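Reading through the structure tokens given below for one structure.
The values are calculated or read from the model by the stated rules, or taken from the named source; none is laboratory data. Just so it is clear, the structure is predicted and the values come from calculations on it, not from any experiment. We place every Cβ from the backbone using ideal geometry, glycine too, and count neighbours over all the protein chains shown. The area values use the complete protein model at the heavy-atom level, side chains included, leaving out ligands, DNA and RNA. Shrake-Rupley method; radii C 1.70, N 1.55, O 1.52, S 1.80 Å.
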Amino acid sequence: MRVLTYAQPELPPEIAAQVADLEAQAWPGAAAGHDPVLAPRTMVLVDEDGTVAASLALLFKPVRHAGRTYRAAGLSGVVTRDTARGRGYGGRLVAAARTALAADPAVDLVLFSCDRPLVPFYEAAGFTRLPGTVLLGGTPGQPLATDAPGFAKEVLADFPGADTEAAAFAGARIALYPGLVDRLW
């Protein structure tokens with residue numbers, strides 16, 4: 001198994017088709033792909049035959065919070081092929097994503113939300129849960145908050161930026177606003 005990373009415009013069609021199939025299985029009816037404004041990169045874990053075992057997207061945008069602008073990244077669309085689940089492939093890919101983002105000098109902060117039962121999975125890859133923190137997704141005119149009624153979301157983070165204060169994000173409402181395509185990441 002090897003990890004490959006592609007900027008959205010460089011994603012080979014055979015990999016893109018497999019990722020779209022995985023996402024359609026996990027989230028039937030959801031639109032495939034990500035907003036190009038968020039500079040998406042696709043990470044995949046592939047076997048020696050080129051079969052995608054797991055995939056995720058890395059999304060990027062500046063986030064203004066607590067009086068400064070952070071170069072933020074987030075995880076989205078994390079999925080493992082149903083026949084490959086339980087083998088650690090998803091965890092391996094998420095850990096590789098965390099390592100890649102930590103090594104990227106253009107990233108100060110990694111923030112994303114997940115369903116509450118998945119928190120231990122992301123913590124095992126090195127991400128930190130931010131209790132009481134809320135991400136405001138969508139747009140200012142059409143917001144979607146992780147604490148909306150019926151949502152069971154938690155916010156996780158990593159702070160690779162040397163001067164990024166983790167305390168500024170604990171228990172905060174953070175205006176992510178990634179748009180209407182990737183309403184939350």
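Once the range 9-34 is narrowed to residues that are within 13 Å of Gly77 (Cα to Cα) and charged (D, E, K, R), the residue that is nearest to the chain's Cα centre (by Cα) is Glu23.
Restricting the range 138-160 to residues that are small (Gly, Ala, Ser) and assigned to a loop (DSSP other than H, G, I, E, B), the residue that is least open to solvent (accessible area, probe 1.4 Å) is Ala148. Might you let me know whether the range 123-133 holds any residue that is hydroxyl-bearing (Ser, Thr, Tyr), assigned to a loop (DSSP other than H, G, I, E, B) and within 15 Å of the chain's Cα centre (by Cα)? No, because not a single residue in the range 123-133 is hydroxyl-bearing (Ser, Thr, Tyr), assigned to a loop (DSSP other than H, G, I, E, B) and within 15 Å of the chain's Cα centre (by Cα). When Ala96 is tested against (1) open to solvent by less than 10 Å² (accessible area, probe 1.4 Å); (2) at pLDDT 95 or above, just one condition goes unmet, and that condition is (1). All of Thr164, Thr99 fail the test of being assigned to a helix (DSSP H, G or I) and polar (S, T, N, Q), apart from Thr99.
Regarding the range 27-38, can at least one residue be identified that is within 24 Å of Ala162 (Cα to Cα) and touching a residue at least 24 places away in the same chain (Cβ under 8 Å)? Within the range 27-38 (the criterion being within 24 Å of Ala162 (Cα to Cα) and touching a residue at least 24 places away in the same chain (Cβ under 8 Å)), the answer is yes, since at least one residue qualifies. Note on the range 1-26: residues that are closer than 22 Å to Ala100 by Cβ, free of Cβ contacts under 8 Å to residues at least 40 places away in the same chain and of a type in the set (Asp, Glu) amount to 1. When Leu109, Leu135 are checked against the criterion of being more than 14 Å from Arg183 (Cα to Cα) and either of a type outside the set (Asp, Glu) or in contact with a Gly (Cβ under 7 Å, 6 or more places away or on another chain) (or both), a single residue qualifies: Leu109. Taking the numbered list (1) part of a loop (DSSP other than H, G, I, E, B); (2) buried (at least 16 other Cβ atoms within 10 Å of the Cβ) in turn, Glu48 passes all entries but (2).
Within the range 120-143, residues that are on the phi > 0 side of the Ramachandran plot reach partners that are in a strand (DSSP E or B) with beta carbons closer than 7 Å, at six or more positions or on different chains, in the pairs Gly126/Asp158; Gly138/Leu144. Annotation for the range 81-90: at least one member residue is on the phi > 0 side of the Ramachandran plot, open to solvent by 20 Å² or more (accessible area, probe 1.4 Å) and out of contact with any Pro (no Cβ under 9 Å at 6 or more places or on another chain).
Within the range 49-69, can you find the residues that are under 19 Å from Ile15 (Cβ atoms) and without any contact (Cβ under 8 Å) to a residue 12 or more places away in the chain? Listed by number, the list holds a single entry, Asp49. Taking the range 56-88 as the range and being among the hydroxyl-bearing types (Ser, Thr, Tyr), closer than 18 Å to Tyr6 by Cα and in contact with a Ser or Thr (Cβ under 9 Å, 6 or more places away or on another chain) as the test, only Thr80 passes. The residues of the range 161-185 that are on the phi < 0 side of the Ramachandran plot, small (Gly, Ala, Ser) and open to solvent by less than 30 Å² (accessible area, probe 1.4 Å), listed by number, are Gly161, Ala172.
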